1. Taking 0.36 nm per intervening residue step and subtracting the Cα-Cα distance, what contour gain separates Thr156 from Arg541 on full extension?
2. Describe numerically, in nm with one decimal, the distance between label points set 7 Å from Cα along Cα→Cβ at Ala309 and at Thr448.
3. With r as the distance between the Cβ atoms of Ser127 and Ser407 and R0 = 56 Å, compute the FRET efficiency 1/(1 + (r/R0)^6) and round to 0.05.
4. Ignoring ligands, DNA and RNA, how do Arg537, Arg173 rank by accessible area with a 1.4 Å probe, largest first?
5. Quick check: from the Cα gyration tensor, does segment 283-421 come out rounded (a/c under 1.5), prolate or oblate?
6. Rolling a 1.4 angstrom probe over the protein chains, ignoring ligands and nucleic acids, what is the accessible area of Ser136 in square angstrom, nearest 10?
7. Would you mind counting up the charge near Glu98? Only other residues with Cβ under 14 Å from its Cβ, with Lys and Arg at +1 and Asp and Glu at -1.
8. Label Leu207 and Tyr432 with points 7 Å out from Cα along Cα→Cβ: what is the distance between them in nm?
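The values are calculated or read from the model by the stated rules, or taken from the named source; none is laboratory data. Fair warning: this is a prediction, and the values are worked out from it, not measured in the lab. Heads up, the Cβs are rebuilt from the backbone with ideal geometry, glycines too, and the neighbour counts pull from every protein chain shown. Note: accessible area is taken over every heavy atom of the protein model, side chains too, but ligands, DNA and RNA are not part of it. Shrake-Rupley method; radii C 1.70, N 1.55, O 1.52, S 1.80 Å.
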Amino acid sequence: MSRSVIDRLSGCPITHNNQSGSSSSTTASTSTSISTPPPLTNIASSSRPRSISPASTPLTPLSDTTSMNDLPTANTSSTFLSPFTPQLQSPLLRAPSEIIQKVLSVSGGDQVQTIAKVAKVCRELRSIIYGDNDQSLWRNIYLEHYDDPRLTGTYTSIKLSSNIDWKKRVQDRELVGKLFQHGNVDNSEEANGHSELIISTLLEMYLDLPALQPTTNSSESEDSFNSPLLSKWLSSALFKSIYERNYFLPSSSLPDTKQPIPFPKRVNRKPVDPTISRLHCLIPPMYNDESSRDREWRGHVRESVYNAANYQENNDYGPFTEDGKVDWALVDAISSEDLVCNAQEIIDTEPDAWLPAVQPMSHGIEPVRGWGYDDLRRPDNLTEDDIWDWAGVEGSWCGCYAFMDYSDWAMMNHEQLGIHIGRPQNIDLSTYHEALGDLMKLELKICTDPNADGKRSTRCENHEFEQRDRRNPLPSIETDLPKSNLLPPIYFHGSSTPYPGGDQLTPTLPQNAIRGMVTLTFDDPPQVRWTMIIRYRGQDRWRLECVQVGGRGSKRGFFGIWSDASRAEHSPYGPAWYWKV
């Protein structure tokens, strides 16, 4: 915003003397028209990227502490005419405050630093910008470029405008936007100094996303300001740099070579921040096998996924904590190994064989937008006896699993398992290639609670087995971990068969019976937990404990761990991923 524009906004023209010791005065402009500055592009708009002048230095939040002593006075070489003099006041300042706020939000909202400059012009403008208790100006600026946090589908309760610091949100996002615009691998040190603000802002923007409707196609949704920004920022080199700095020790710096990497390298490393792990789950990062840094990261991901110590009775042998919440560091490792490394490699070599996996890995952040919890009304078209499928369980799903050779897995876990294997050998997990199972297709149907009291004829036969002409209940799939009671459990059953895709003939395999349960974790907001047992040749063989990334209805699907259904001693573990088609 130019000096002349600021003068016209305030009605307080300032003239400068050309000769020392003399003073001059000017008369106020009597024009009734207000010139507006040329439109400035918005740094926070994915459709209108903004260029920042090299001279633009502020990379700190805006300040509202500018002193009025900074303004020129009659004792300086400039003459300042007070805006409170009636005959000199700009027509703009005689307008209602709502009109002034609208002009300011439209004229300066695209470049928020301009608002701070306008506040220096006179006390009245400063009062309008910084003295408004309900922050209506800042709210208007915010809602021009970001999703309304009062309309988020993430939470069950509505956020009140009075509880939102709109000015701080604008300031934080302006700073984060500039950091992402300037940030790259070569100059990421400044951004790393703001890493906590970046991480918290990105999560806040994700939680502010409006809920999708069950019928919405993720590739066609255009109802969100935050979605394209998150898709861009989470896919950037800057976010990868912040993630790796958090994931690795600062001393872990390797040249990009194909030389063998000694393993493990992250000795005495601190736990990974669960917030950045959660953010890392939202966008499939690109893995480069030519990069030693990426291979080192993949080795540590494998270590987490296949480490038997991570799966114990106190976390239901899954990616959870003892208090019934999601272990995001484990979910990040599982989703990275299964989604990024394995799925992308298969798609690159055999695209037709894994064609269903393209959709949940595309369209940026959209596949991890769920149905939310802001509207939990039971559908009107359901009768009292009908089961409400609030998680979208029923239908067709695709998925896969991976596993290490058992001898390698036992070698890796021999100490915690107490297995004597003679002379142990180090396994370089950065170059190790585990086996990938067949792409499977699930057909799931919801059913009644197998543990509910009532007539036996109403119970689901798929949760029971026949023995000597009697129907007996199968082992329970209930959990002792704390869980949310916000929505009732959903029980389901179905079948699992190889997906009929690719150029090769699908092998004829017996149909596997499936039964399971969907519940909500104890997180706030809660996450969707899947427990599934696969029955093979009349025996319970595998049990899956998973988390649906993105919440109920998320098209990315659920990630988790498969294990032996009987929890037999020394039985292995591995990652699994299923998504709806």
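1. Additional length available on full extension: 134.8 nm.
2. Output for this residue pair reads 4.8 nm.
3. Efficiency at R0 = 56 Å is approximately 0.15.
4. Output order, biggest surface exposure first: Arg537, Arg173.
5. Note, shape of segment 283-421 comes out oblate.
6. 10
7. +1
8. 3.6
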